[in-house]
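The values are calculated or read from the model by the stated rules, or taken from the named source; none is laboratory data. Just so you know, these numbers come straight off a predicted model, no measurement behind them. Side chains are part of the model used for accessible areas, which takes the heavy atoms of the whole protein and leaves out ligands, DNA and RNA. Shrake-Rupley method; radii C 1.70, N 1.55, O 1.52, S 1.80 Å.
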Amino acid sequence: SPDYTMEQLILVAKTLRQERGYRGYIHLKTIPEASPWLVEQAGLWADRLSINLELPTDEGLNRLAPEKKAPTIRAAMGQMRERISQAKEERRTFSPAGQSTQLIVGADAADDAAVLRTSDTLYRRFELRRVYYSAFSPIPDSTAALPVKPPPLGRENRLYQADWLLRHYGFGVEEIASASDGGMLALDIDPKLAWALKNRHRFPVDVNTAEREMLLRVPGLGKR
């Protein structure tokens, strides 16, 4: 059952902390259907909690993982956000490194724009610290509903780069992966350079007078 599995996960983390004296980082996966009390316990022993959405669209989740319900997962994420915020206000420890999730890339037909739109929504709605992207890896004799080949090499890495632009550089999803590009990130160049090449009219940039928003869009310049 979800509660039993959650109890076993908590027991591992609690044992590491109390009996083994482990003070390092613990990232604990949580189960959306588990009781709220168990999730509270998990947050006492782990630095970060995560609830995996698994697929970027509800359609993909319904088709490939019908036992998982997107509304249930999102509700659990919302509850987690409230617990973390409340703990900060009360100055008590509960999942101090926040929450995260994981998306499988290439298992369904979702393009990069759809993946990034889902991530952007999760960041804004649930204040997630990270979305992790994991390239789909086919296994022998799997269901016919799954693709027989993995996604192109490098797609996962490009999504991480695009995710960084969303979170730290002020880019919007449509600037990074637009419908005019077929909704996919270029594999041969990074997404920041791809944006610059499509917006040549905004260059050159005078680094002494340009606004910070534009400086952050210059390939090779970082936040610092």
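Across the protein chains, with a 1.4 Å probe defining accessible surface, the residues LYS192, LYS223 rank LYS223, LYS192 from largest area downward. Working note: Karplus 6.51/-1.76/1.60 with θ = phi - 60° gives region 51-59 the couplings 10, 7, 6, 6, 10, x, 10, 4, 4 Hz, where Gly and Pro are set to x. Where only DSSP H runs of four or more residues are counted, the chain gives -13500 deg cm²/dmol as its mean residue ellipticity at 222 nm, each run worth -39500 (n - 2.57).
Cα convex hull, the chain: 163 Å³ per residue, rounded to a whole number.
Remark: region 144-210 projects, on average over all directions, an area of 6.1 nm² (convex hull of Cα atoms). Please tell me the relative contact order of the chain in percent, rounded to the nearest whole number, where contacts are Cα pairs under 8 Å and at least six residues apart. Dividing the mean separation by the residue count of the chain yields 15 percent. Hey, could you get me the Stokes-Einstein D for region 1-103, Kirkwood radius over alpha-carbon pairs, 10 °C and 1.306 mPa s, rounded to whole µm² s⁻¹? This corresponds to a translational diffusion coefficient of 112 µm²/s. Using Cα atoms only, what is the angle between the long axis of helix 70-89 and the major principal axis of the chain, expressed in degrees (0 to 90) to the nearest 10? It is inclined by approximately 80 degrees. Taking the 1.4 Å solvent-accessible surface of region 1-126 as the whole, the part contributed by carbon and sulfur is 51%. Taking the empirical scaling 2.2 N^0.38 Å for compact globular proteins as reference, region 98-167 has a Cα radius of gyration ratio of 1.18. Counting only protein heavy atoms and using a 1.4 Å probe, the accessible area of ASP111 comes to about 50 Å².
Provide the per residue accessible area, probe 1.4 Å, for the chain, rounded to a whole number of square angstrom.
Values: 12570 Å² over 224 residues.
That works out to 56 Å² for each residue.
When its C-alpha radius of gyration is set against 2.2 N^0.38 Å (N residues), region 99-224 gives a value of 1.18. One Cα centroid belongs to region 167-224, the other to region 1-47; the line between them spans 40 Å. Taking each of LYS68/LYS192; LYS68/LYS223; LYS88/LYS223; LYS68/LYS149; LYS149/LYS192; LYS14/LYS223 in turn, the alpha-carbon distance tops 31 angstrom for LYS68/LYS192; LYS68/LYS223; LYS14/LYS223.
Listed values for region 18-35 are Karplus-derived 3J(HN,Hα) couplings in whole Hz (6.51 cos²θ - 1.76 cosθ + 1.60, θ = phi - 60°), namely 7, 8, 9, x, 6, 10, x, 7, 10, 10, 10, 6, 10, 10, x, 7, 5, 5, and x replaces Gly and Pro.
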